[in-house]
1. Provide the gained length on full extension for the span Lys205 to Asn280, in nm with one decimal, where the gain is 0.36 nm per separating residue minus the Cα-Cα distance.
2. Pick out, from Met505, Leu523, Ala545, the residue whose Cα sits farthest towards the positive end of the charge dipole of region 499-583, with +1 on the Cβ of Lys and Arg and -1 on the Cβ of Asp and Glu.
3. Quick one: compute a quarter of the convex hull surface over the Cα atoms of region 226-379 and quote it in nm².
4. Extending each Cα 7 Å along its Cβ direction at Glu324 and Ala589, get the distance between those two points in nm, one decimal.
5. Once you have the Cα-Cα distance between Val435 and Asp422, take 0.36 nm times their residue separation minus that, and quote the gain in nm to one decimal.
6. Greater than 18 Å separation of Cα atoms is the criterion. Which listed pairs, Lys282/Lys434; Lys320/Lys340; Lys229/Lys404; Lys517/Lys550; Lys157/Lys404, meet it?
7. With a 1.4 Å probe and all protein chains in place, put Thr33, Thr274 in order of accessible area, largest first.
8. Of Leu410, Val424, Ala396, which is farthest on the positive side of the dipole of region 387-440, counting Cα position, with +1 on Lys and Arg Cβ, -1 on Asp and Glu Cβ, and the Cα centre as origin?
Amino acid sequence: MDLVEEAEALGLVAMDLVDEAEARELAARSCFTEHDINSSGAIDASELVSVLRTLGLKDVDETDGMFAARVDVCFRCFDANADGVLSFDEFAHLYNSVAFADDKEGVASLEAIATRHEEIVAREAKIAAGTQETLRQAKSFKRIRQARQQAEHAGHKPGSSRLTTGVTMAFLRDLNSIIRRDSLGDDLANGLPDELSTEQLVFGKSSRNVTGPGVMGWCIAGPDGATAKDSCCFIEWCERQGFTEADDGSPYFAPVTHFVSHAWHAQWPTLVKTLEHYANSKGSELMVAKTAFYLDIFAINQHVPPGVEDPPRSPDQVLKPPIEACRRTVLVLAPWEKPKSFTRAWCLLEIMTTLDAGAELDIALSPDEHRGFLTTLNERFDNIIHNINTIEAREATATVLKDKESIFKLIEEGKGFDVLNDAVMTTMRTWLIKVITTFRAECKAQDPSDVYPIFPNGRTGAVLGRSIAALHQMLGHHDAALEAYGEVLKEDPDDPETIKGIVLMYVEQERWNESLKWSTRLLEVRHRTHDENDIDFATTLYRLALSHEKLGQYAESAASYDSAGDVYLKVFSHEHEATMRMKADEMRAARGLQTNDDEEKEEEDWKRRRSKRRSRASMSKSGTISLAASSAPRIQSAASEADIDPQIRALFLELDRNGD
């Protein structure tokens, strides 16, 4: 007989006990609140006078003073800690002794209550102790019945997966105690091991977690797992056992609000800390209490997964209901620098499904991973960018080969791998901007050297500002990038790395006038702050030369390329030096061609001017050109006698206005 059958066997008696206990507590609470006039959270002696008068314990011919004196005696009997007021628990003893007494006549007077105080309290304790287990089982049955009704109302069939049901933080915190109550062994007496992977929690073992614990004595869905007998998901199993709420009444299960994308390889305790850290960062305790995470290990029937149901459901048919129901996916990154989530086919499909649904995609880190991220941000920001830029969905794996094939087919038929890669990179960069911006604001509000000693004192703003700008630049948000760079320059107008970032952005946009302006400024800064034989100095000269080149300023470009070559030679970078020399020669050659082009252009301009003058002359009246005609033979004769240099030719043509 399982717990459900045992609870049902208690019948109406058990349910009546539950209802009676709840009714007594509700009545006591209502009376307590009504007579707590000053809302102090306690009942004082004067307020108790009103309570007991309401309960009919004042004699008809008794004066108020006499009644107050008798109330005071009773009050002191129930004021267990002698603090001069009755807490709710102290008041409830007194109230229940009068309002729900079995022997009404025996407690009809205040004297009897005071005299029999110890006896009354002892009797209440005995009743509570005698019915505690019955009440627990009855409450469990009540929860089971409610869970069944809710499941039927939601259309959940026994043994089906709960695709739109989430688990609360109360459940995640109490999971250890739930497991201990069900486990017959003592291997989990101290809770779940820190090294336990999610896969081991589900199946009891994992061939991939070589550093973790051995085979677990308890698991969710192994051959002897908790759900094996009933062949159901863990949420349904908990409902059948009556594990549906915490001791404070907080529910364990609720409609899903956040879909969690995580890798089963990762450590389970770390995942719980990550979700708690994420929930706490999002709002008040009330919001945390209402948060319900979709976790596949609890919601999916591992014995009959959706892919083998009748009819079977494809991976996207499994993911769409929970993601579309909550419209927010939490992507858990662990470890931070190389998240396992990006190497798992299921996680990538979850990301794609989220994007297809137009849902939000959040990033979550554990507290330890968050600290590691901040260290990486300061010391190895380029590593962060490299890890993001090298995300490749095509390299993802899956435990079941068939799953991988199905998922890859869905990706190819959907957005495609390249679009998915770009979407993940964009999401990561956008999230990084949010995190770094928040962190920078925190650093501005207090001395970062005290709270975040990983940053060099005084350089936090510049480091973070440049990071924000670089990420905006990668997203194509050039105005936002310029604004972020500008914030850094307000703190340090000559910060070379910031000016360099502006130059690179303009080069990328092919805005050569701006690139030339900022390259010149960067060169001036490096003249003051760097050794002129430094490699950074050479690269600055190179970008200056490139800007001149693109603007057609070949002489200036050749000079800058030569200067860059001089520096590269001094730092023993002969390959770069040779490249600069070659570019300088190209610029000089381009300058020569440009000179020839200029001469040809002048010749063309001259021919156009002559043609225009002839056109005007032909339209003139004959009398207007008589003087020019009379002098033309002499000029023509002179012009034909010898070669005429350009200046003389220009003078000749000026006089030969009719062009004949």
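The values are calculated or read from the model by the stated rules, or taken from the named source; none is laboratory data. Every value quoted in this text rests on a predicted model; they were computed, and no experiment measured them. Note: ideal-geometry Cβ built from the backbone for every residue, glycine included; neighbour counts use all protein chains shown. Just so you know, the surface numbers come from the protein's heavy atoms only, side chains and all, with ligands and any DNA or RNA stripped out. Shrake-Rupley method; radii C 1.70, N 1.55, O 1.52, S 1.80 Å.
1. Gain on stretching Lys205 to Asn280: 23.9 nm.
2. Of the options given, the answer is Met505.
3. 10.6 nm²
4. 6.3 nm
5. So the chain would gain 2.7 nm between Val435 and Asp422.
6. Beyond 18 Å: Lys320/Lys340; Lys229/Lys404; Lys157/Lys404.
7. Details: Thr33 95, Thr274 5 Å².
Result of the area sort, largest leading: Thr33, Thr274.
8. Val424
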